[in-house]
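Before any comments, here is the structure.
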2 protein chains.
Amino acid sequence: MTELEKGPTGRRRGRGARERILGASRQLFREQGINRTGMDQLCAEAQVSKRTAYQHFTGKDELVAEYLRQFDPAVMSGVFDRTDLTPRERLLAAFDIPPTTPLCPYIGAAVELHDPEHPASQYARDYKKAVAARLAGAAREAGAADPEQLGEQLALLLDGAAARTRVLDADAFPTAAAVAAVLIDSAIRATA
Amino acid sequence: MTELEKGPTGRRRGRGARERILGASRQLFREQGINRTGMDQLCAEAQVSKRTAYQHFTGKDELVAEYLRQFDPAVMSGVFDRTDLTPRERLLAAFDIPPTTPLCPYIGAAVELHDPEHPASQYARDYKKAVAARLAGAAREAGAADPEQLGEQLALLLDGAAARTRVLDADAFPTAAAVAAVLIDSAIRATA
DNA sequence: TGTTAAGTACACCGCCCTGTGTGCTTACCG
DNA sequence: CGGTAAGCACACAGGGCGGTGTACTTAACA
């Protein structure tokens, strides 16, 4: 057992524990939730010793916070930079997420942790505000009458779709997109 | 300690344990969440012995399910029966919930339990569908073009406001109500 | 070659959780 | 009065949890 598998760099498989831990977090926190995933199971899945995990993260709380920070869904990363779309299409593209995408871990973390002071809860707030701000920016480009308001409204639709999909186990994003279309057209029409 | 306080019926305070348990559930599950509320604490708060609790409910799971069944927010109970309002006002009244109201325990339970097969999760689904159906019914009375669609859309707005309020710790229901007004007017205008 | 950083293996601690077992007390009701 | 249903007090089992201590191994690097 001395000869372990080696990675592309020729280094021992053990190296890069932090990334494996975060990878296992993404998988297990999504599949089982945060509270129902123990550190033992998480470390086993990541093929990392528990000791190592607690040298990279001071505790589970910090790991959860970092897990949220790492998570960057398509909403924030690519959608708003697509110049091939009109501003209106860009706003609607935020609702066009593949069904396999894990459902809003920010809401999940805030509900599961149930502590507004928890670092992960604070980051969840920051993230939600950032999304609303981005939507407002795109709304401004699209020529909306009140971009801030429209951004907040669209953000609420995204959260509603996420929550409803989670509870009902049925994709609610098409419904949200339909509402978004009505809102956007209404807001743009108001300026014309 | 033999002379315990007596209730209005003259019966011993010990009687009616089930109601006290459910009352404590409503309080503690809301304040601390389900997973973070232990049966020990819950029984202490309800002034009920643990043994009694487990004679009324086979386990915490059943208690959680019953807690959800008991919870009947204003959305379902009174709003739709108010004949003093126009159908349109009735639809909007669903969004006019007092800020002190505990925030959608159904979403909370579904997220916290993280098990679609859990009795409470199943009831949460049923409840969400029932709300959408009621909204659709009111939408029909209001003369909406597609009542089912409008009902689903309004239900999504309610869930979005609940989720967003929980994460951001800021009342999102006014925003949802504003969107609802646009949707309703748009749906009614389509029929005229 | 020797040092050091990174990781491993594994036992272990204390805590809290759900759930039970046992024996006792009280109130109601025929 | 006596029986019975409801409840109480309390200890305890069994397990999972987050987190730590200790001693060892490996790979990179100077």
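The values are calculated or read from the model by the stated rules, or taken from the named source; none is laboratory data. Bear in mind that the values here come from a model prediction, so they are computed numbers and not experimental data. Positions of Cβ are generated from backbone atoms using ideal geometry, with glycine treated the same way; all protein chains shown enter the neighbour counts. Areas reflect the complete protein model, heavy atoms only, side chains present, ligands, DNA and RNA absent. Shrake-Rupley method; radii C 1.70, N 1.55, O 1.52, S 1.80 Å.
Of the residues in segment B:76-86, how many are in a helix (DSSP H, G or I) and either touching a Pro at 6+ places or on another chain (Cβ under 8 Å) or free of Cβ contacts under 8 Å to residues at least 40 places away in the same chain (or both)? So that I can check it myself, show each step before the final result.
Quick first cut of segment B:76-86, residues in a helix (DSSP H, G or I) only: B:76-77, B:79-81.
Restricting the remaining residues to those that are either touching a Pro at 6+ places or on another chain (Cβ under 8 Å) or free of Cβ contacts under 8 Å to residues at least 40 places away in the same chain (or both) gives B:77, B:79, B:81.
Total satisfying the criteria: 3.
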Of everything in segment A:144-155, what is within 7 Å of chain B (Cβ to nearest Cβ) and open to solvent by 30 Å² or more (accessible area, probe 1.4 Å)? Give them in sequence order. A:E152
Segment A:166-192, residues that are more than 17 Å from B:V179 (Cβ to Cβ) and open to solvent by less than 20 Å² (accessible area, probe 1.4 Å): A:V167
Condition first: at pLDDT 95 or above, within 10 Å of chain A (Cβ to nearest Cβ) and open to solvent by 50 Å² or more (accessible area, probe 1.4 Å). Can you find one or more residues in segment B:156-163 that meet it? no
In segment B:65-86, what residues are within 24 Å of B:V111 (Cα to Cα) and more than 14 Å from chain A (Cβ to nearest Cβ)? B:A65, B:E66, B:Y67, B:R69, B:Q70, B:F71, B:D72, B:P73, B:A74, B:V75, B:M76
Is it the case, given these coordinates, that A:A65 is in contact with a Pro (Cβ under 6 Å, 6 or more places away or on another chain), open to solvent by less than 20 Å² (accessible area, probe 1.4 Å) and within 30 Å of B:R30 (Cα to Cα)? yes
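Is it fair to say A:T58 is open to solvent by 30 Å² or more (accessible area, probe 1.4 Å), under 23 Å from A:E19 (Cα atoms), at pLDDT 95 or above and part of a loop (DSSP other than H, G, I, E, B)? Don't jump to the end; show me each part of the working.
On the way: open to solvent by 30 Å² or more (accessible area, probe 1.4 Å): yes; under 23 Å from A:E19 (Cα atoms): yes; at pLDDT 95 or above: yes; part of a loop (DSSP other than H, G, I, E, B): yes.
When the stated conditions are applied, A:T58 passes them.
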Restricting to segment A:100-120, what's the tally of residues that are closer than 23 Å to A:Q153 by Cβ and outside any helix (DSSP H, G or I)? 3
Check whether at least one residue in segment B:171-191 is within 20 Å of the chain's Cα centre (by Cα), under 29 Å from A:A132 (Cβ atoms), at the interface with chain A (Cβ under 9 Å from one of its Cβ atoms) and among the charged types (D, E, K, R), and report yes or no. no
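Taking segment B:28-41, which residues are surrounded by 15 or more Cβ atoms within 10 Å (Cβ to Cβ) and free of Cβ contacts under 8 Å to residues at least 40 places away in the same chain? So that I can check it myself, show each step before the final result.
Filtering segment B:28-41 down to residues surrounded by 15 or more Cβ atoms within 10 Å (Cβ to Cβ) leaves B:28-30, B:32-37, B:39.
The answer is B:L28, B:Q32, B:R36, B:T37, B:M39.
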Sort through A:A120, A:A132 and tell me the only one that's closer than 26 Å to B:F29 by Cα and in contact with a helix residue (DSSP H, G or I) (Cβ under 6 Å, 6 or more places away or on another chain). A:A120
Given the criteria within 21 Å of B:Q70 (Cβ to Cβ), touching a residue at least 60 places away in the same chain (Cβ under 8 Å) and more than 9 Å from chain A (Cβ to nearest Cβ), does B:P102 qualify? yes
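For segment A:121-129, does any single residue satisfy the condition of being in a helix (DSSP H, G or I) and away from every other protein chain (no Cβ under 14 Å)? Even if it seems obvious, please write down each step before you answer.
Quick first cut of segment A:121-129, residues in a helix (DSSP H, G or I) only: A:121-129.
Now restrict to residues that are away from every other protein chain (no Cβ under 14 Å): none.
Looking through segment A:121-129, none of the residues is in a helix (DSSP H, G or I) and away from every other protein chain (no Cβ under 14 Å).
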Which listed residue is open to solvent by less than 60 Å² (accessible area, probe 1.4 Å) and of a type outside the set (G, A, S), from A:P116, A:P99, A:P105: A:P105
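Quick check on segment A:42-55: of everything there that is assigned to a helix (DSSP H, G or I) and open to solvent by 10 Å² or more (accessible area, probe 1.4 Å), which residue is nearest to A:A17 (Cα to Cα)?
First, pick out the residues of segment A:42-55 that are assigned to a helix (DSSP H, G or I): A:42-46, A:50-55.
Now narrow it down to the ones that are open to solvent by 10 Å² or more (accessible area, probe 1.4 Å): A:44-45, A:50-52, A:54-55.
Working: A:A44: 12, A:E45: 12, A:K50: 11, A:R51: 11, A:T52: 8, A:Y54: 11, A:Q55: 10 Å.
Only one residue tops the list, namely A:T52.
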Quick one: would you say A:R15 is over 29 Å from A:P174 (Cβ atoms) and modelled with pLDDT under 95? yes
The condition from (1) farther than 21 Å from B:S25 by Cα; (2) in contact with a helix residue (DSSP H, G or I) (Cβ under 8 Å, 6 or more places away or on another chain); (3) free of Cβ contacts under 8 Å to residues at least 60 places away in the same chain; (4) assigned to a helix (DSSP H, G or I) that B:E89 misses is numbered (2)
